[in-house]
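Okay, so here's the structure we're looking at.
The values are calculated or read from the model by the stated rules, or taken from the named source; none is laboratory data. Please read all numbers here as calculations on a predicted model, not as lab measurements. A quick note on method: Cβ atoms are made from the backbone with ideal geometry, for glycine too, and the neighbour counts reach across all protein chains shown.
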């Protein structure tokens, strides 16, 4: 499964990131797609601009199409797709009228074409997400998406009743169940506190806490979607606001580290174990993509400013020295 978060720094600049939790990788690399890239679209979309935003993030390139797991653009907008296997209900065929987007191209379509969450929110009123695979070897992935900028974030889900856009006031997304259920479930934890409980009298016994952290007693510690959602929401909203790139990148990696999945703890039905394959961070302040892998905890930086934006194809990006 996966966890995504978003927050802003002391100057209002956004930081956006995710854990990708799964049993295997797909040869994913950091990919930059320049504004003039000629990327084949799944459907005719005359409304898409000829020149888009530069996009950088983690993914694979198939047939000239960047399949982004998560990415950010040169306007400071970011998007990530997270597993949503039970509830996702894409359209089986393109709809007449409106805008049709294949599920596999949705993150790139958002990041290429829009500058803000407001623009995305407005455009989605006419969008149909279609269950079309990029090729015969890669089946359609059942996902939902978190999209963020400096103003906030939304969650996009294709449900039985159609496409739903949720306002994400805790700036967190995990997996099943749907976002509405996850948001309501936080009410089960409203007594949690970062503070130390006070002394309590039980009859003649005076009880004192063992030490700091006991205000968090009752916070779930398993790796299910609801538990990771509750813990990530608490940590993300209680972490002190930071100033400066280094402090905010540290904040993001520490927050997502609180819900990272170690090997051997989350067995799938087929016997394979999920683990946090990588953690990523997109800084809208510096337009830099950061990444650390499960077996390489060194955080590597991929600044958009170091990329050649004049090309016409997606390119693999090497980390800054």
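Checking 232, 260 one by one, the residue that is touching a strand residue (DSSP E or B) at 6+ places or on another chain (Cβ under 6 Å) and not in a loop (DSSP other than H, G, I, E, B) is 232 and no other. Residue 172 - would you say it is buried (at least 21 other Cβ atoms within 10 Å of the Cβ) and either over 27 Å from residue 60 (Cβ atoms) or touching a residue at least 60 places away in the same chain (Cβ under 8 Å) (or both)? For residue 172, the condition - buried (at least 21 other Cβ atoms within 10 Å of the Cβ) and either over 27 Å from residue 60 (Cβ atoms) or touching a residue at least 60 places away in the same chain (Cβ under 8 Å) (or both) - is met. Here are some residues: 98, 148. Which one is touching a helix residue (DSSP H, G or I) at 6+ places or on another chain (Cβ under 8 Å), over 18 Å from residue 230 (Cα atoms) and touching a residue at least 60 places away in the same chain (Cβ under 8 Å)? Checking each option against the conditions leaves just 148. Taking residue 249 as the residue in question, decide whether it is under 24 Å from residue 55 (Cα atoms) and part of a helix (DSSP H, G or I). Answer is yes for this residue.
Here 21, 70, 74, 9 are screened, and the one residue that is crowded, with 23+ Cβ neighbours inside 10 Å, in contact with a helix residue (DSSP H, G or I) (Cβ under 8 Å, 6 or more places away or on another chain) and modelled with pLDDT of 95 or more is 70.
Residue 30 meets each of the listed conditions (1) buried (at least 19 other Cβ atoms within 10 Å of the Cβ); (2) within 25 Å of residue 167 (Cβ to Cβ); (3) in contact (Cβ under 8 Å) with a residue 40 or more places away in the chain apart from (2). The single condition from (1) loosely packed, with under 13 Cβ neighbours inside 10 Å; (2) in contact with a helix residue (DSSP H, G or I) (Cβ under 8 Å, 6 or more places away or on another chain) that residue 243 fails is (2). Residues in region 200-223 that are within 17 Å of residue 19 (Cα to Cα) and loosely packed, with under 14 Cβ neighbours inside 10 Å: 221, 222.
Taking the condition surrounded by 14 or more Cβ atoms within 10 Å (Cβ to Cβ), in contact (Cβ under 8 Å) with a residue 12 or more places away in the chain and touching a helix residue (DSSP H, G or I) at 6+ places or on another chain (Cβ under 6 Å), does residue 236 pass?
Values: surrounded by 14 or more Cβ atoms within 10 Å (Cβ to Cβ): yes; in contact (Cβ under 8 Å) with a residue 12 or more places away in the chain: yes; touching a helix residue (DSSP H, G or I) at 6+ places or on another chain (Cβ under 6 Å): yes.
Yes.
If you filter region 274-306 down to residues that are more than 19 Å from residue 28 (Cα to Cα) and surrounded by fewer than 18 Cβ atoms within 10 Å (Cβ to Cβ), you find that the one that is nearest to the chain's Cα centre (by Cα) is 286. Among the residues of region 102-130, those that are part of a strand (DSSP E or B) and farther than 18 Å from residue 71 by Cα comprise 127, 128, 129, 130.
Looking at region 263-270, can you tell me whether even one residue there is in a helix (DSSP H, G or I), surrounded by 17 or more Cβ atoms within 10 Å (Cβ to Cβ) and either in contact (Cβ under 8 Å) with a residue 24 or more places away in the chain or over 19 Å from the mean Cα position of the chain (by Cα) (or both)? Checking region 263-270: not a single residue is in a helix (DSSP H, G or I), surrounded by 17 or more Cβ atoms within 10 Å (Cβ to Cβ) and either in contact (Cβ under 8 Å) with a residue 24 or more places away in the chain or over 19 Å from the mean Cα position of the chain (by Cα) (or both).
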